[in-house]
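Data first, discussion second: the structure below is written as structure tokens.
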Amino acid sequence: MKNIKIIETDTSRGLFWAQQSAGEVTAAKEMKQLVIYPDEKETTIRGFGGAFTEAAAHTYMCLPEDKKDNLIEDLYGDSGLRYTMGRIHMNSCDFALGNYTYIEEGDETLDTFDISHDKKEIIPMIEAATKKLGRQPVLMMAPWSPPPFMKTNGEMNHGGKLKSEYKELWAKYYVRFIEEYRSIGIDISFTSIQNEPMATQTWDSCIYTAQDEAEFVADYLGPAMEKAGLLDKMKIFVWDHNKEISYVRLKEILERKGAEKYVSGCAVHWYTGDHFENLHLIKKHFPEKEIFFTEGCVEYSRLSDASDVQNAEMYAHQMIGNLKGGITAIFDWNLIVDFKGGPNHVGNYCDAPIKALESGKDYEKKLSYYYIGHMTRYIKEGANLIWSSNYTDKLDALASLNPDGQRVVVILNKSGEELPVELREGDESTRLTLAPHSIQTVLYE
């Protein structure tokens, strides 16, 4: 612990990523300890990002040029969140300006396939992030709904299922989308089969049972991607929904003959609570499969009365719990929303860490943005989660080891009281004080 830096956010004192003086390094004593074990390495962390939804891209494109540059810096730049990943939707989602697909309705040959829609706003935002980052963000895709003619309800919204006679064509649609993006220099590295496959929504949605997902990946999507030579560059994830049944869902899919070959992991959301135990079960029984957190946001329909501090603490609590549960990549939802929490073509408005002002010509960074940054700015690609042991449940704590040997310890104080911590590794320790409702990142070698 020779070189120690402490970065703190405490809104009551006006501190946002403020560097603080470190406590004295001393011989460890028996007191209120957070003990770090850097030799006990767990999962390797891929990185962090957010979603290039049409809503985010449209809001971005409406900003003045200087504000557009500032936004990309705040997301992917060194002075910002230092994101390295991103999520995109194939066809429309709720955070789009309306329902759309890439083909003319009824086209069973995909001859009309055209991604011109995405070239207007979504792709320019991805390209801006690529320029800022110095390389393309690692992208994960997901569909919300097939075209209407492929579905049992004849529309993109309100659930419905994929018709049996269109399963092969729908699998080819994924391949075509990936290939069209690659033709303009954008690689997609991951896909899920369906966003929220058990949710009948008023917006773009499609229902898959576990058996449906297993059949589709084993008999259609996996083989289609294999035939196209994509499997050496692409990985397929299943579920892409809330955590409470993620273990059971993955288990049921992998039990289907042929599915295990094509399924690389399980994607989860946070909308029904913590359920970190399900993540531990996945890692226990399927250690070779990855878990990605692919979506979470502050829903106005559920959390409209929550304060900025509560929202920020929810983000940090979820990120810490998810990473400790074995998640290797975290994607926030919209990278930016407008002042209403959209645009959203069915009025399903949500908050985001960055939100445009009513004028649409500037934006604000919410407290959750700074809490997120306590992890995304300092936990580097290729970092290992390492074990830690904490003296109280009033603090959420996470420890990781960067590839260069730097330790990163994130400590969240959710309580209304000041809490002491003796951060210990081996025989040395340093004393910290966590202000009420604050968060610290400790960096040391």
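Readers should treat all values here as calculations from the given coordinates under stated rules, not as data from a laboratory. None of the values given here were measured: they were computed from a predicted structure. Please note: Cβ atoms are built from the backbone with ideal geometry, for glycine as well, and neighbour counts cover all protein chains shown.
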Residue match in the stretch 141-154 (condition: farther than 19 Å from Tyr181 by Cα, outside any loop (DSSP other than H, G, I, E, B) and polar (S, T, N, Q)): no
Residue list for the stretch 136-154, restricted to those being surrounded by 20 or more Cβ atoms within 10 Å (Cβ to Cβ) and farther than 27 Å from Met125 by Cβ: Met150, Lys151
Residue within the stretch 72-88 that is under 21 Å from Tyr173 (Cα atoms), surrounded by fewer than 16 Cβ atoms within 10 Å (Cβ to Cβ) and touching a residue at least 24 places away in the same chain (Cβ under 8 Å) present: no
Qualifying residue in the stretch 57-65 (condition: surrounded by 20 or more Cβ atoms within 10 Å (Cβ to Cβ) and of a type in the set (Gly, Ala, Ser)): yes
